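Notes to accompany the following structure.
Just so you know, all these numbers are worked out from the coordinates, no wet-lab data involved. Model, not experiment: these values are computed from the prediction. Cβ atoms come from the backbone with ideal geometry, glycine included; neighbour counts cover every protein chain shown.
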Amino acid sequence: MAERITHSICVGGAIAIHSENGVIRRIRPIIFRDDDPKGWVIKARGREFTPNRKTQPAFIALTEKNRTYSYDRIRYPMIREDFVETHDGQNRNTENRGKSGYRRASWDEALDLVAREIKRLHAAYGKETITACTSSHHSWGLVGYKLSTFARFFRMMGYTELKDNPDSWEGFTWGAPHTYGYYWRLGGTEAFDLLEDALQNVETMIMWSHDPDTTRGGYAGNESVLWRQWLCELGVQFIYIDPLNNFSSVKQAAKWFGPRPGTDAALCEGIAHVWLTEGLYDKEYIAKHAHRFDEWAAYILGNGVDRIEKTPLWAERETGIPAADIRALARRWGTTKTMGGSGLRGGFGGVCRTANGTEFARLMVQLFAMQGMGKPGQNVWVATTGAPMDYNFWFGGYSDPLSQIANQPVADVTAVNPVTQKLYRPNVPDAILDGHYEWYGEGFCGGGLDLEFTEHIYPEPGYNKVHCFWRYGGTFMGSMLDTNKWIKMYQSPELEFVINQDIHFHGEARFADVILPACTNLERYDIGEMCNSGNGGYQSHSQTGNSWQIVVFQDKAIEPLWDSMSDYWIFSQVAERLGWGDKFTEGRTELDWCRRLWEKSDLCEKVSWEDFRNKGYYVAGVPEDWERHFGFRWFAEEYPCDTPNHKPFQEEGLLGTFTGKFEFVSESMLYYAPNDEVRTPIATYKPSWEGHHSIKARQYPFHLITPHPRFDYHTQHNSSTPWFWEIPENRVYINGNPYLVARIHPVKAKEKGIKDGDIIELFNERGNVLCVARVTYRVEINTIHAYGSSGIYNPVEPGKFKSMDIGGCVNVLTPGRLIGEYVPGMAPNSTLLDVRKWEGPLPESQYFEWKLDKVNFAAEPDTASCSEIIEGDGFNKLQSQESRKYKKERANV
Amino acid sequence: MANKLMVQHMFKVNGRYRTPEGKTLKVVLSEVYNLRCFELDEKGNMTGPMIKIHPESELASKLVYLD
């Protein structure tokens, strides 16, 4: 059969897929045709800059083939071997969750069981007794996305909603809005047209806790790598501040600063001290746009309540960065046109996921304000967003209510959840185990500052507790903190029934009573725009992180493998069994929903449905004379705000704070929570509750930092893509187990007798994890670096509380504690631990493969085992089997 | 540009407006260039394709706010 080319989007970018005889052969970027629009051209400093005529996906997208045929694909519906379907939900051997194996079930058996249990639970406790949640972004596409199909099903059924915490930008969400508003962007700022501004004006880039080649601006793949190269070619000086001299830094940094983790706010104050004492800030701007600046300045200069002057020498003692370097950094920043910020879009970064993350975020914004934020070449912008785009073309992103199949106008009827009870993601185990939990905040508080201070109680008065958990896509054992408490929760009889619906056999799937195998988005239809989080949502117009605005018909490249099915099919089958299947589907297939999304957007004006399907993508060109809407310029130059997705008060020249100005003393904190010990009215550096000043540091002297991963997207790639395990900077494969790399400074390694490549044990009172040591000067001397959420939860004694992990699941070590009483954010980068060379025996293999092998061999005796797929020719064997099956089916047709 | 935008925010997101032809529109987005609307049927359901209206257009000036 001829080769077939289809297109799709993954979290790593937009791709073209070559398949032949029912199997995926290769994956590549989408190369644009001559009849696609021309790229934008930016003129700057005597040069013209235009993007390459192709998408630039990250390597995680280019390895989707390996992930699709992965060793850990869930091939069949499965039921826990010792699960007993009792009439009252008791005596179900819940203590064996995580330990027990599985047996294969037919779809009918599994779905009938799920439907029976839902009916039983509803009758016994009411609709609120079921909770459900997704991981973040396990699969791209507006139909399959968590706010679409998943939301439609659960809202129609009624359930206890599990609110997400803003896990990627905690400090910015809970902190920065009290300094400059932007609560509707969860503390991030606006980057519109700042790529052009930077190419024309900027001289220095401050990349604070930012590794753009790794975190890729979110979902934009490698689209912005070229932009940073252009800036380098123009002589722009890049300064990186990160406890790890990270992958972007080693490529382009003029200078790397490695602060002790959790002390970045002290560095901010040291820089401010230099500016205040040497007059290196924009006094006119501050006089116009800042509120109670002098009180804050007095605090920095030693006239505050603590009477401590925040000199560079003081900052050196906290951060470990020499005072002379702090002065040099401050002078460079204060005397050149400087842009920068933290993390993947300027308001993210591991630094904000610390006990002091809110204060860092506020202080960082204050520093940019002192330099005239919004003036040409002066802004919060980190070279990952802000490309030109045609704002007049609208296609929805995943957070747009207008582009979700749960809602009108895409659906005929909007799905509404009748249950008001809620749970909060980081503390689900606490709530389930204790039966009571209280917290502040709505999770994502985009609707207003007041939402941060709303009180929630579980169980809500008048409601029953949760007794069933439906977990969908990915795993929190790896991305949420204090992994062991999740084990306790899963083994509790309070959870009478656990369903897991996923593509791969992730850590949490192994604790389920019934497992429903979903297919990848290469095996079903969907539609989506690359990197569009929503034009109006919390990351509005994030597609400016791309060089091209591209909407893709995510065609089915191959049929679903084995017994896996699309999430939409699974939910529609359960809905059918519950008696409301027609209401759920409205008579539409997934392809119908794709067409519906085309029809309800500007896409239908630009290209016919047939042409769009045939070509597979549409590129929205940028007019040659596009109108510029430079982010924050309106505020600096005092004209009514003209940037997309702005608020009415911005047209009056006001920020989203109480005073409409940069608040150096926060009036909103004084109003809502004047006694908050974390977010004081004046943002200040405060030593972490788990940091180098803690008593605990005597026993556990190292800081762990677990930033967003390079070889993963949340937990969805590294664990299921063994090709990555061949990268020595990622993992080392020993005895059938891929050990995650943990980085340690040579001085400390020598003290501990550790050599590069040794197996080391990271440990504290919460648990222990085996990793492979990478001894490198790239890491700050007191720091252990191991990427967060890229771990495979692989305990040597499955299902045992506090069992040692060998998959690199470093969240076994991180604190479950929230940032503060009023700040329900998580702080994985406030973790203390110790490290030692592992002298014990090396466990053999991954401890969950046998569960899959057992089921798979029972179904197909000649199939490949997990280890054959990882190590041997099992991968080719799978593809050959699929190809034969495909040919046979074609012959029958 | 700035003056145009002041007009943009005179329209209320999620507000219902009557057109000169008697149709009822719901404004679902207020963007830099356009108000984006859907027509409402007699039951209040959003129907048909997305309608773009420039906030400075003649049509926009004739929209009557309902609620």
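In percent, rounded to a whole number, the relative contact order of chain A is 19, using alpha-carbon pairs under 8 Å and six or more apart. Using Cβ point charges alone (K and R +1, D and E -1), the dipole size of segment A:571-674 about the Cα centre works out to roughly 500 debye. Dividing the Cα radius of gyration of chain B by its Kirkwood radius returns 0.95 for Rg/Rh. Estimated from the Cβ-Cβ distance and a Förster radius of 56 angstrom, the FRET efficiency linking A:S880 and A:K283 is about 0.20. Peptide A:191-199 has a mean of 0 when you count, residue by residue, the C-beta atoms of other protein chains within 10 Å of its C-beta. For segment A:813-883, the spread of Cα coordinates along the three principal axes comes to 55, 36, 20 Å, biggest extent given first. Over chain B, DSSP H runs of length four or greater, each weighted -39,500 (n - 2.57), average out per residue to a 222 nm ellipticity of -4000 deg cm²/dmol.
The shape of segment A:288-392 comes out prolate: with a ≥ b ≥ c from the C-alpha gyration tensor, a/c is at least 1.5 and a/b beats b/c.
You can think of it this way: the chain between A:N892 and A:A124 has 271.6 nm of extra reach, that is 0.36 nm per residue less the Cα-Cα gap. Straight-distance candidates among the lysines for linking to B:K43, with alpha-carbon spacing under 16 Å and chain neighbours fewer than 8 residues away dropped: B:K23, B:K26. Estimated from the Cβ-Cβ distance and a Förster radius of 25 angstrom, the FRET efficiency linking B:N45 and A:E610 is about 0.35.
Counting only the backbone N, which residues of segment A:260-288 are under 12 Å from the spot 7 Å out from the Cα of A:I781 toward its beta-carbon? Residues A:260 fall inside that zone. The protection proxy used here, the mean number of other Cβ atoms lying within 10 Å of each residue, ranks peptides A:179-186, B:56-63 as follows, highest first: A:179-186, B:56-63. Per the Cα gyration tensor, segment A:695-837 maps to an equivalent ellipsoid with semi-axes of 21, 19, 15 Å, ordered largest to smallest. The P(r) of the protein assembly as shown has a tail past 39 Å containing 41 percent of all C-alpha pairs.
The lysines within cross-link reach of A:K748, meaning a Cα-to-Cα straight distance under 21 Å and a gap of 8 or more places when in the same chain, are A:K696, A:K837. Straightening the chain between A:D294 and A:E438 buys 48.1 nm, computed as 0.36 nm per residue apart minus the Cα-Cα spacing. The C-alpha atoms of chain A define a longest principal axis, and helix A:357-370 lies at about 40 degrees to it. Estimated from the Cβ-Cβ distance and a Förster radius of 60 angstrom, the FRET efficiency linking A:D412 and A:K255 is about 0.55. A Cβ-based charge dipole, computed about the Cα centre of the protein assembly as shown with Lys and Arg at +1 and Asp and Glu at -1, lands at about 1200 debye. Descending by average beta-carbon neighbour count within 10 Å, the peptides A:192-203, A:209-220 line up as A:209-220, A:192-203, the highest first. Taking each residue as 0.36 nm, the span from A:R45 to A:E309 lengthens on full extension beyond its C-alpha to C-alpha distance by 90.9 nm.
Restricting the calculation to Cα atoms, segment A:4-68 yields a radius of gyration followed by a Dmax of 15.0, 52 Å.
If you take all other residues with their beta carbon under 9 Å from the beta carbon of A:D325, and give Lys and Arg +1 and Asp and Glu -1, the sum is +1. Across peptide B:25-37, the mean count of Cβ atoms from other chains lying within 10 Å of each residue's own Cβ comes to 4. Packing, as the average of other Cβ atoms within 10 Å across residues, places the peptides A:813-823, A:22-32 in the order A:813-823, A:22-32, highest first. Multiplying each eigenvalue of the alpha-carbon gyration tensor of segment A:849-892 by 5 and taking the square root yields semi-axes of 22, 13, 5 Å, largest first, rounded to whole angstroms. The mean number of partner chain beta-carbon atoms within 10 angstrom of a residue's beta-carbon across peptide A:88-100 is 0.
Charge tally around A:C604: other residues with Cβ under 13 Å, Lys/Arg +1 each, Asp/Glu -1 each, net +1.
Semi-axes of the equivalent ellipsoid of segment A:668-770 are 35, 21, 11 Å, computed as sqrt(5λ) over the eigenvalues of the C-alpha gyration tensor in descending order.
Here B:K62 is the anchor, and the aspartates and glutamates within straight C-alpha reach of less than 18 Å, apart from those fewer than 8 places off in the same chain, are B:E21, B:E39. Evaluated with a Cβ-only charge set (Lys, Arg +1; Asp, Glu -1), segment A:849-892 carries a dipole of roughly 340 debye about its Cα centre, given to the nearest 20. For chain A, the longest principal axis of the C-alpha atoms and the axis of helix A:107-125 are separated by about 60°. In chain A, the DSSP-assigned H stretches of four residues or longer account for a calculated mean residue ellipticity at 222 nm of -7500 deg cm²/dmol, using -39500 (n - 2.57) per stretch and the full residue count as denominator. Any idea which of A:C771, A:A749, A:Y793 is furthest toward the positive side of the dipole for segment A:695-837, if Lys and Arg beta-carbons carry +1 and Asp and Glu beta-carbons -1? In segment A:695-837, that residue is A:A749.
Against chain A, whose longest principal axis is taken from its Cα atoms, helix A:323-335 shows a tilt of about 80°. Spatial offset of segment A:362-425 relative to segment A:553-628 amounts to 22 Å, using the alpha carbon center of each.
Over segment A:4-68, calculate the relative contact order: mean separation of alpha carbon pairs under 8 Å at least 6 apart, over the residue count, as a percent. Rounded, it is 34 percent for segment A:4-68.
Cross-link pairs exceeding 29 Å between alpha carbons, from the set A:K375/A:K600; A:K851/A:K885; A:K465/A:K647; A:K54/A:K606: A:K375/A:K600; A:K465/A:K647.
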